[in-house]
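Read-outs throughout are calculated quantities, based only on the coordinates presented, and are distinct from any laboratory measurement. For clarity, every value in this text was computed on a predicted model and none was experimentally measured. Because the Cβ atoms are built from the backbone with ideal geometry, glycine has one as well, and the counts that use them run over all protein chains shown.
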Amino acid sequence: MAILIITEKTSQARDLRAALGDRFGQILPAEGHLLRLAEPHEVEASWKNWTCVLLKPDGLYPTRPATEGNKPAKLKAIGAALKRCDRVILATDCDREGQLIGQEILEHLGYLGTVQRALFTAQDPSRCDRRSTSSNPTASSARSMRPPSRASRPTRSSTCR
């Protein structure tokens with residue numbers, strides 16, 4: 001079973017590699033938002049000259065890859081790794097934005113496998129509990145951007161202290 005762990009920052013990936021090694025799979029950083037919202041005219045050509053009334057899409061706006069810095073290379077590396085794995089652990093920051101960063105990547109790349117969430121309050125080797133091997137499934141799949149219900153949120157057992 002191949003596992004991919006996605007972090008939000010390069011420093012998080014480095015710290016997790018130091019704490020966990022490769023026991024849980026490949027660890028790749030996202031570097032914040034690798035995607036951007038599509039511009040109105042990218043969704044519908046007639047929206048080039050738009051008004052607020054026109055901008056009411058039925059679903060969420062589609063995303064487009066960010067082009068600045070090394071973000072395209074990081075998105076490409078994550079996409080290639082996703083093709084070889086059947087489980088992803090999102091180890092992005094423990095906030096809504098961190099959850100969104102991980103989930104929007106998976107949704108954009110069409111990942112439909114198992115997704116788990118690891119919540120770390122610290123990831124340096126000296127404070128991370130090396131015995132912790134559990135992470136919890138997310139209540140929302142890669143196809144849904146809804147936050148998990150309170151009852152299905154990951155427990156503190158998956159956090160490092």
How far apart, in nm, are the 7 Å Cα→Cβ label points at residue 100 and residue 83?
3.0
List 115, 43, 88 from most exposed to least, where exposure is judged by having the fewest other Cβ atoms within 10 Å.
43, 115, 88
Order by neighbour count: 61, 111, fewest other Cβ atoms within 10 Å first, most last.
61, 111
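Quick check on region 1-109: take the gyration tensor over C-alpha atoms, sort the square-rooted eigenvalues as a ≥ b ≥ c, and tell me if it's rounded (a/c under 1.5), prolate or oblate.
Numbers: a/c = 2.56, a/b = 2.44, b/c = 1.05.
Verdict is prolate for region 1-109.
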In terms of modelled amide H atoms, which long-range or inter-chain residues lie less than 5 Å from the amide H of residue 31?
9, 10
Taking 109, 90 and counting other beta carbon atoms within 10 angstrom, the fewest-first order is 109, 90
